[in-house]
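A short worksheet on the structure shown next.
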Amino acid sequence: MMMHTTLTVARKEFRDDFRNRWIIAIAILFALLSLSIAYFGGAGAGQLGFVSFTSTIASLTTLAAFIIPLIGLLIAYHTIVGERDGNTLLLILSLPLSRGQLLTGKFLGHCAALIVAILCGFGLAALIIQIMQPQTRTPQAWLQMLNFALSAALLGASFVALACTISAATEDKSRAAGLSLIAWFVSVVLFDLLLLAILVFSGGNDVEQAIYPYLLLFNPIDVFRLINLTALGQGAGNDLFLGMTDAHAYGHIQLYMIMLIWVLVPFYLSLHIFHRKEV
């Protein structure tokens, strides 16, 4: 019964996300950007058309690291605070529905909508690349695409969970939106800049080089990059990133477990805040 109630909330959120046309627009945008990167990726070398598949995946990883966190935050920042602003939260909680069921259902619904958008957008681009580039029709290429899609889904879920935490902790939608944008800027831009600044000012000594690979694990975006770029190896346009971490061997399963932690910990924190906060 509890699971049925949670899934009912999830289905409603899923339908609402598509009814707002946000997710459809995101899927189309992701497909267009993916195809553009795949086709124009070799323009810098004076070559147009679908070129290296590994370079395409590496470029898509960079694109996804910017776009997916922002999308995850934008579709979920109003999860709780939106109901509070609309004066509907008390009404919803008066139903035979616990706070945990409400938040879990909303989280699952937003995650499902975002994952569908990622799979549809990237899946369309991948299908066209497969048609236009016969050499990509290999088990290795399919595994790389599956690896990208799965890690992108977990990246999106981690930022949906972060958005739920922000939504549960704030009092109004404008503040939640502002904090979400700050979280995106810190995660996508500021975190890596700070790490690079530390390396530059320290001169890249042995201690810094030993610690740096572990510091990357404190940002889900960098974990997402590691999952994909280490799987591609050298020569995919990712040599600089791999060069900074080549002294450390990341386990693929380990990286996925860390990414899963980045989903579960913020979500658990959002549940904790929501249970303790006055409606």
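Worth pointing out:
- Every residue from region 94-107 that is surrounded by 19 or more Cβ atoms within 10 Å (Cβ to Cβ) and basic (Lys, Arg): 106
- Members of region 55-93 found to be among the hydroxyl-bearing types (Ser, Thr, Tyr), at pLDDT below 90 and buried (at least 21 other Cβ atoms within 10 Å of the Cβ), listed by number: 56, 59, 61
- Count - residues of region 173-218 that are surrounded by 19 or more Cβ atoms within 10 Å (Cβ to Cβ) and either at pLDDT below 75 or not hydrophobic (A, V, I, L, M, F, W, C) (or both): 3
- Checked against (1) at pLDDT 85 or above; (2) part of a helix (DSSP H, G or I), residue 30 passes all but a single condition, namely (1).
- In region 71-173, counting only helices (runs of 4 or more DSSP H) that sit wholly within it, the ones holding 1 or more residues that are within 19 Å of residue 261 (Cβ to Cβ) span 99-132, 139-169.
- Considered as a group, the residues in region 108-117 that are under 14 Å from the mean Cα position of the chain (by Cα) and surrounded by 24 or more Cβ atoms within 10 Å (Cβ to Cβ) include one that is nearest to residue 31 (Cα to Cα), and that residue is 117.
- Residue within region 228-236 that is β-branched (Val, Ile, Thr) and either in a loop (DSSP other than H, G, I, E, B) or modelled with pLDDT of 95 or more (or both) present: no
- Some residue of region 160-169 being within 18 Å of residue 59 (Cα to Cα), among the β-branched types (Val, Ile, Thr), buried (at least 16 other Cβ atoms within 10 Å of the Cβ) and touching a helix residue (DSSP H, G or I) at 6+ places or on another chain (Cβ under 6 Å): no
The values are calculated or read from the model by the stated rules, or taken from the named source; none is laboratory data. Since the structure is predicted, the reported quantities are computational estimates derived from the model, not experimental observations. Because the Cβ atoms are built from the backbone with ideal geometry, glycine has one as well, and the counts that use them run over all protein chains shown.
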